[in-house]
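**Student:** Starting off with a structure, shown below.
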Ligand SMILES: [Zn+2]
């Protein structure tokens with residue numbers, strides 16, 4: 001465990017990029033052999049806006065990384081934060097708790113707030129207006145959302161008291177987990193269900209991308225499913241009932257244009273509606 005943490009403490013940017021690109025490539029290939037839905041799309045064309053937003057996310061995180069680093073240095077120097085206040089524990093448990101709690105603040109909480117605050121929902125909308133959810137959807141985040149998520153990560157690092165090794169490990173797992181749960185892949189239903197008791201399975205997250213409420217406002221987690229199950233936001237519908245997108249923003253052509261997506265946060269506020277029959 002020490003070796004792992006040491007590696008992530010000094011992980012080169014090239015290795016981080018390799019994890020991102022490697023993950024997309026792996027799930028992209030898997031999607032061709034094991035697709036959940038047979039989309040009538042040109043995979044590359046669909047990926048263009050998503051890759052654009054992946055790039056802006058990388059740039060924003062790169063530019064702000066020094067704030068993350070100095071916050072982490074400060075909490076460790078001052079022995080601050082939840083995992084440092086707990087009694088002495090084995091390293092593996094310290095690391096596990098760090099990743100688990102960062103997953104709460106940086107992913108679950110950020111995502112939950114984005115759905116509940118009207119202004120933030122319009123920013124997060126860009127992620128939900130993909131009509132063909134696949135592994136490239138994972139980082140389809142408006143640049144403003146990348147900043148919002150960065151702020152939540154910062155708050156998380158501060159409250160959790162995470163050293164940089166745990167933050168980098170968490171972020172690497174988080175990237176791959178997101179690519180996995182967005183991937184257009186079909187696991188056997190029983191396996192998917194079983195997985196969803198521990199981690200966010202592909203079916204579990206796809207339900208979050210259903211086009212109408214109450215499902216849009218459920219299953220906010222990214223790595224661990226415990227947060228949704230514990231906090232009452234877990235919901236289930238069978239995979240065949242899932243329709244992607246947001247019912248009040250259903251112009252597929254507009255939703256595939258980078259120029260439209262960039263201005264989506266400034267469009268008139270609209271929430272998805274509830275279908276009483278669901
Ligand atoms: Zn969402």
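**Student:** Taking each pair of distinct Cα atoms in region 2-266 once, what is the resulting Kirkwood hydrodynamic radius in Å?
**Tutor:** Details: mean 1/r = 0.0529 Å⁻¹.
Result for region 2-266, one decimal place: 18.9 Å.
**Student:** Something else about it: If you count, for each residue, the other Cβ atoms within 10 Å and average over each peptide, how do 179-188, 130-139 line up from highest to lowest?
**Tutor:** Numbers: 179-188: 21.4, 130-139: 24.8.
The peptides rank, most packed first, as 130-139, 179-188.
**Student:** Along the Cα→Cβ direction, 7 angstrom out, place labels at residue 241 and residue 151. What is the inter-label distance in nm?
**Tutor:** Rounded to a tenth, the inter-label distance reads 3.6 nm.
**Student:** Full extension from residue 70 to residue 14: what is 0.36 nm times the residue separation minus their Cα-Cα distance, to one decimal in nm? The partial results should precede the final answer.
**Tutor:** Working: separation 56, 0.36 × 56 = 20.16 nm, distance 2.13 nm.
Contour length minus the Cα-Cα distance gives 18.0 nm.
**Student:** Shifting gears a bit: Need the C-alpha centroid separation for region 1-28 versus region 47-119, integer Å.
**Tutor:** A separation of 16 Å, based on Cα centres.
**Student:** Grab the beta carbon distance between residue 63 and residue 21, set R0 = 25 Å, and tell me the FRET efficiency rounded to 0.05. Working shown, then result.
**Tutor:** On the way: r = 20 Å, r/R0 = 0.80.
Efficiency, from the Cβ-Cβ distance: 0.80.
**Student:** Here is a follow-up. What does the helix-only formula give at 222 nm for the chain: each DSSP H stretch with n ≥ 4 adding -39500 (n - 2.57), the total divided by the residues, and the result rounded to the nearest 500 deg cm²/dmol? Before the final figure, lay out the partial values.
**Tutor:** Numbers: 13 runs with 160 residues, N = 278.
My calculation for the chain gives -18000 deg cm²/dmol from helical runs alone.
**Student:** In region 173-239, how does Rg compare with the Kirkwood Rh, expressed as the Rg/Rh ratio over alpha carbon atoms? Spell out each step's value before the answer.
**Tutor:** Working: Rg = 10.7 Å, Rh = 11.7 Å.
When Rh is taken as the Kirkwood radius, the ratio is 0.92.
**Student:** If N is the number of residues in region 98-210, what value comes out of its Cα radius of gyration divided by 2.2 N^0.38 Å? Before the final figure, lay out the partial values.
**Tutor:** Working: Rg = 14.3 Å, N = 113, 2.2 N^0.38 = 13.3 Å.
Relative to the 2.2 N^0.38 Å estimate, region 98-210 comes out at 1.08.
**Student:** Between Rg and the Kirkwood Rh of region 1-133, both from Cα atoms, what is the Rg to Rh ratio?
**Tutor:** Working: Rg = 18.7 Å, Rh = 18.3 Å.
Value, to two decimals: 1.02.
Computed from the coordinates by the stated procedures, all read-outs in this text should not be read as laboratory data. All values reported here derive from a predicted model rather than from experimental measurement. Heads up, the Cβs are rebuilt from the backbone with ideal geometry, glycines too, and the neighbour counts pull from every protein chain shown.
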